[in-house]
Amino acid sequence: MDNDSTVKMSKGCWKFDEEDRALYIDIEDDIEDDRENKVYSCWDQTPDILLEEIFSYLTIRERYYASLVCRSWYRAFKLPRVWSTFTLEDNTLTRGKFNYHSGWQYVLDHMRASACLNKVGRNFRSLVFDPMLNFYNLYEFMNMISWYTERQGSDNTSVAGVGTHIRRLKFTFPCNMANRDDPDSIRLFGTGGKLLEALKRLMRNLRNLRCLELIDLMLDTKEALHLMDDICANCTQTLTKLILINTTRYYCPLLHVGVFINLNVLVISPQNLHEDVIDLIGYTKLQHLHILQNRYSQKDTTMRLPTRKAWIKMRKNNPHIRVHFEVESYKPTDILLPIDLLEHGSIPCHSIVLNTPNTQISTSTILNHGTFFESTIRVYAFKGLTRYFAPRNFSQRLDEAIVQFCKMCPNLHTLMIRDKISTATILEIVSTAKNLRCLYVRRYSTLKKCDGDWLKIMNWSPEHYQWIKENSRSYESTEKEVSRILNYRWHMLTEREFRDQMVKLYL
């Protein structure tokens, strides 16, 4: 080996690929002529305010590699906004450790975690715990955050400011322990024990929370009754948003939600509601009450909403409150929205959002919703792509029921339809719902036709019938007329667009 090659091999570095395998890369010096003619970009002169925004979207590994590009990006790595949201996942701040029984495993590296908290821990504003299967890493990191928050730089092993600026805490427990290869199977387990103690210790130390999200804890009744004690003591006036989804698996009223006097948004599952809870909510400044069931919630005859008397009293004490129903279900046998006309007709329902791809919504269900909440409902949405057979026959479709619903609910401003409808029905919807602003339909499920059954049902004038007949012959004509009525460029959504479409509940 000659001297030139020896020098060239000595100038190199190690780099990790996507599979964490180490690769040795030679660094070759540029020829002097090439160096003079090379044109460099100006990305190193990007303003810090833009770099902060860009770096905040990167993962920790990507931020590190970006910081090696130039001095400006190295400085941006430690800017406060970059670390405003910290998300802990299974492989965050871990190292490989060989176990003779399980092979290589990723365990929390306490040295890396300490270095992270010492350097950028004071910049955390939002702390997010995604569903993790390594409970040891989750338990250890929560205890480390709590320890730093309690110490606050009182000794040489900690720094001041960690945890004091955190305004949002989100904790999601992986309650479904079924085989990941079978996404439709569900085996539910709740948290508890040492892991619950670490979570309660962390919540006790975060005294300036404004948003708390606890999802799928599935606690026992005894554990759930004391879950929020410390939060009630520390954040009675500061908490503005509280999300408690499936705090318990079975019926267990949570009275704690009624003591936060400045609460603006409350998301809770029906098994944790009671007449007393509704009564307490009426004396707060709550504006939005979301009653939510996700795919792990109980959906059977045991689910009951509070009685009529409690809703009337809540509405009297807090006339500005809006109730939102959100249901996610993948089983055709699930019972959706246990609403009774006599008991729940006085609920100030603002929106109903159903994500039930395996359950076909019946005509009677749509008409019942319109009868119950005709004066209050603003948003009505059927999300997701259907997984059942959708008939093309007019008598078996939902066209007539949806148009009737639009007539019953004059304040409706958002409508999402996933089932088969015709272009004539779309035109009739936008001409009937005078306050409609957002209409979402699937192009794939829209039929280019004007069904003759409409003439038997509706009392259309000759001009109106001619207008619908002419503009329902093509997608382009329908989209043009809908755009004219809604005063913006409207189009039917593709399957991907419809699946990813977010429904705005607050307009």
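What the table below lists for this structure:
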{"item": "Residue count for the stretch 315-359, restricted to those that are within 24 Å of the chain's Cα centre (by Cα) and part of a loop (DSSP other than H, G, I, E, B)", "result": "15"}
{"item": "Conditions (1) farther than 25 Å from Q152 by Cα; (2) part of a helix (DSSP H, G or I); (3) touching a residue at least 12 places away in the same chain (Cβ under 8 Å); number of the one not met by Y65", "result": "(3)"}
{"item": "Long-range neighbours under 8 Å by Cβ, at least six apart or interchain, first residue within 11 Å of G192 (Cα to Cα) within the stretch 220-248, second assigned to a strand (DSSP E or B) and of a type in the set (A, V, I, L, M, F, W, C)", "result": "L227/L214; L227/L219"}
{"item": "The one condition in (1) buried (at least 21 other Cβ atoms within 10 Å of the Cβ); (2) closer than 20 Å to T365 by Cβ; (3) over 28 Å from the mean Cα position of the chain (by Cα) that T478 fails to fulfil", "result": "(2)"}
{"item": "All positions within the stretch 220-232 that are under 25 Å from I261 (Cβ atoms) and not in a loop (DSSP other than H, G, I, E, B)", "result": "A224, D229, D230, I231, C232"}
{"item": "Total residues in the stretch 204-233, condition buried (at least 17 other Cβ atoms within 10 Å of the Cβ) and either out of contact with any strand residue (DSSP E or B) (no Cβ under 7 Å at 6 or more places or on another chain) or under 23 Å from R187 (Cα atoms) (or both)", "result": "12"}
{"item": "Residue that is assigned to a loop (DSSP other than H, G, I, E, B), touching a Cys at 6+ places or on another chain (Cβ under 9 Å) and within 21 Å of F135 (Cβ to Cβ), where the choices are L217, L209, L169, L239", "result": "L217"}
{"item": "Checking D334 against (1) under 20 Å from I457 (Cβ atoms); (2) at pLDDT below 90; (3) in contact with a strand residue (DSSP E or B) (Cβ under 9 Å, 6 or more places away or on another chain), the condition it does not meet", "result": "(1)"}
{"item": "Selection from the stretch 113-144 of residues that are closer than 15 Å to R204 by Cα and touching a strand residue (DSSP E or B) at 6+ places or on another chain (Cβ under 7 Å)", "result": "L127"}
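The values are calculated or read from the model by the stated rules, or taken from the named source; none is laboratory data. The shown structure was predicted, so the numbers you read here are calculated from the model rather than taken from an experiment. Cβ atoms come from the backbone with ideal geometry, glycine included; neighbour counts cover every protein chain shown.
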